[in-house]
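The values are calculated or read from the model by the stated rules, or taken from the named source; none is laboratory data. Fair warning: this is a prediction, and the values are worked out from it, not measured in the lab. Counting neighbours? That spans all protein chains shown, and the Cβs are built from the backbone with ideal geometry, glycine included.
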Amino acid sequence: MDDFNVVDGQLCAEQVPLEAIAAAVGTPAYVYSRNTLCSHLRRFREAYAALQPKIRYAVKANSNLALLKILADEGTGFDVVSRGEITRVLQAGGDPAAIDFAGVGKRRDEIEYALEVGIDTFNVESEGELELIDRVAREQGTAARIALRVNPDVDPETHRYITTGKSENKFGLDVQRARRMCQTMSELSGVRLHGLHVHIGSQLTQVEPYVEAVRRVLGLARDIRGFHPALETINIGGGFGVHYRPNEAPEMHEFADPLVALLKDCGFEVHIEPGRLLVANAGVLLTRVLYVKQGCERRFIVADAAMNDLLRPSLYSAFHRIEPVAPRDGDTSLADVVGPICESGDFLGKERELPPLEPGDLLCIRTAGAYAFVMASNYNARPRPVEVLVDGDRFGVVRERETVEDMMRGEKTEPAAWERP
Ligand SMILES: Cc1ncc(COP(=O)(O)O)c(C=O)c1O
């Protein structure tokens, strides 16, 4: 469910025609709907209300400051993976005491910064990381709140690049190791264990592996509480799949109902980290057709957006619905929608049934609010797109289009000063 609909023959974001936005800000352009974002959050809260969970929005899905501010104003916390993401959350008005810091490779300076600003919890993924956090916290005369990330060895049946809870993945600690660490952690005065964390992957379309992973971690948590009564939190991660294609993913309640049943009276505080589910359908990417080229085997629609703007199709063979913003007459036929980048892997959609199109036509690429702009790059020296927020009948730029000068900032044709090691 989203707010990108046809009104009077024109595809609109809420009440604003997408053509009007493209005319004002150019293309490629990411367009976000405030109402879609807020209604996803509202429905998510309702689905999990019985758990009264602490929602930690996964900033990696979309870290635009305006969207972070909307979520902060709505009272969510944040799941972050870098100093940069912490800084963005604070800049947007987020509460540092509602930040959980995840990731297998936290650097010392990031740990120092996180402690200085007073985040809630470090989700710890290895013994080495725990020792470093302990050391840094003692140096600062404090103690860090810790949750151990458990790898439950469950196959989430999603794309292998976004699977994170199998034993072969780099994430988390296996159950035995996590248990051992809990037993010895009390010897470290710079850390205070209060929770367990699990996250088995993203774009999950099967409910059962998720529930099984949480069941395993809940069992471990009960076991650990036997000798560590201060264990009070279970963070069940994110990963809820969305509809890139119709009916691709379960409805919100299909995930929520069994999780609520499992955790309702468990006696642990629940943290939950939705990313994609909140923002994916709250965003689209607008791109204009540059050329229509008839190849020997197929029609190519050459658009002005490319894999540097939206990497998911090239990286994961991900599907995004593509449609003309204005209705086009004529029979549909198969076409590849491609970008200007010098890679055959640069495509936005393959073998799509599309009507006759002409240079200048505006295309809307759907479900582009998550893992989209955040993965944009400057490959082929292409500036990253503008980002626009729509609210009812108003729209505004929330991040300016990058310029060629922005891209070259900090570069030098000669070293500023040669130094010998
Ligand atoms: C630890 C953690 N939590 C939450 C998420 C959010 O996942 P999603 O955007 O699929 O909900 C991720 C993303 O991979 C993650 O690594």
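Descriptive notes on the structure:
- Lone qualifier among Ala98, Ala137, Ala92, Ala143 - being small (Gly, Ala, Ser) and either in contact with an Asp or Glu (Cβ under 7 Å, 6 or more places away or on another chain) or at pLDDT below 95 (or both): Ala98
- Every residue from the range 344-375 that is under 18 Å from the mean Cα position of the chain (by Cα) and crowded, with 22+ Cβ neighbours inside 10 Å: Ile365, Thr367, Ala368, Gly369, Ala370, Tyr371, Ala372, Phe373
- Extreme residue, modelled with the lowest pLDDT, among residues of the range 154-178 that are of a type in the set (Asp, Glu) and touching a helix residue (DSSP H, G or I) at 6+ places or on another chain (Cβ under 8 Å): Glu157
- Flag for Arg149 being within 16 Å of the chain's Cα centre (by Cα), charged (D, E, K, R), surrounded by 22 or more Cβ atoms within 10 Å (Cβ to Cβ) and at pLDDT 95 or above: no
Yes/no matrix, rows are residues, columns are (1) within 20 Å of the chain's Cα centre (by Cα); (2) surrounded by fewer than 19 Cβ atoms within 10 Å (Cβ to Cβ); (3) of a type outside the set (Phe, Trp, Tyr):
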site	(1), (2), (3)
Thr164	yes, no, yes
Asn169	yes, yes, yes
Arg179	no, yes, yes
Ser189	no, yes, yes
Arg192	no, yes, yes
Gly195	no, no, yes
Gln206	yes, yes, yes
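- Restricting attention to the range 162-178, the residues that are within 13 Å of the ligand (Cβ to nearest atom) and either in a strand (DSSP E or B) or touching a Phe, Trp or Tyr at 6+ places or on another chain (Cβ under 6 Å) (or both) add up to 2.
- Checking each residue in the range 15-54 for being closer than 15 Å to Leu285 by Cα and part of a loop (DSSP other than H, G, I, E, B) picks out Gly26, Thr27, Pro28.
- When the range 340-398 is limited to residues that are assigned to a loop (DSSP other than H, G, I, E, B) and hydroxyl-bearing (Ser, Thr, Tyr), the one that is farthest from the ligand (Cβ to nearest atom) turns out to be Ser344.
- When Arg108, Arg216, Arg135, Arg180 are screened for being in contact (Cβ under 8 Å) with a residue 60 or more places away in the chain and of a type in the set (Lys, Arg), only Arg216 passes.
- Residues of the range 186-244 satisfying the condition of being assigned to a helix (DSSP H, G or I) and within 16 Å of the ligand (Cβ to nearest atom): Val207, Pro209, Tyr210, Val211, Ala213, Val214, Val217
- Residue within the range 406-416 that is under 28 Å from Tyr316 (Cα atoms), modelled with pLDDT of 95 or more and touching a helix residue (DSSP H, G or I) at 6+ places or on another chain (Cβ under 9 Å) present: yes
- Scoring Met181 on the criteria (1) touching a helix residue (DSSP H, G or I) at 6+ places or on another chain (Cβ under 8 Å); (2) in a loop (DSSP other than H, G, I, E, B) leaves a single failure, condition (2).
- The criterion of being within 30 Å of Leu362 (Cβ to Cβ), away from the ligand (no atom under 14 Å from the Cβ) and under 16 Å from the mean Cα position of the chain (by Cα) holds for Ala66.
- Inspection of the range 25-43 identifies no residue that is within 14 Å of the ligand (Cβ to nearest atom), touching a strand residue (DSSP E or B) at 6+ places or on another chain (Cβ under 9 Å) and of a type in the set (Gly, Ala, Ser).
- Residue match in the range 341-360 (condition: under 25 Å from Val31 (Cβ atoms) and of a type in the set (Gly, Ala, Ser)): yes
- Exactly one residue out of Leu65, Leu37 is buried (at least 22 other Cβ atoms within 10 Å of the Cβ), within 21 Å of Leu389 (Cα to Cα) and in contact (Cβ under 8 Å) with a residue 12 or more places away in the chain, and it is Leu37.
- Which numbered condition Lys60 fails, given (1) out of contact with any Phe, Trp or Tyr (no Cβ under 6 Å at 6 or more places or on another chain); (2) buried (at least 20 other Cβ atoms within 10 Å of the Cβ); (3) farther than 30 Å from Gly339 by Cβ: (3)
- Flag if Ile111 is β-branched (Val, Ile, Thr), assigned to a loop (DSSP other than H, G, I, E, B), away from the ligand (no atom under 12 Å from the Cβ) and over 21 Å from Ala370 (Cβ atoms): no
- Every pair of residues 6+ apart whose Cβ atoms lie under 6 Å, when the first sits in the range 143-160 and is farther than 27 Å from Leu130 by Cβ while the second is polar (S, T, N, Q): Glu157/Gln206; Thr158/Gln203
- Test set (1) buried (at least 23 other Cβ atoms within 10 Å of the Cβ); (2) more than 16 Å from the ligand (Cβ to nearest atom); (3) more than 20 Å from Val398 (Cβ to Cβ) - Gly77 fails condition number: (2)
- Sub-6 Å Cβ pairs linking a first residue in the range 404-421 that is outside any helix (DSSP H, G or I) to a second residue that is of a type in the set (Asp, Glu), at least 6 apart or interchain, number zero.
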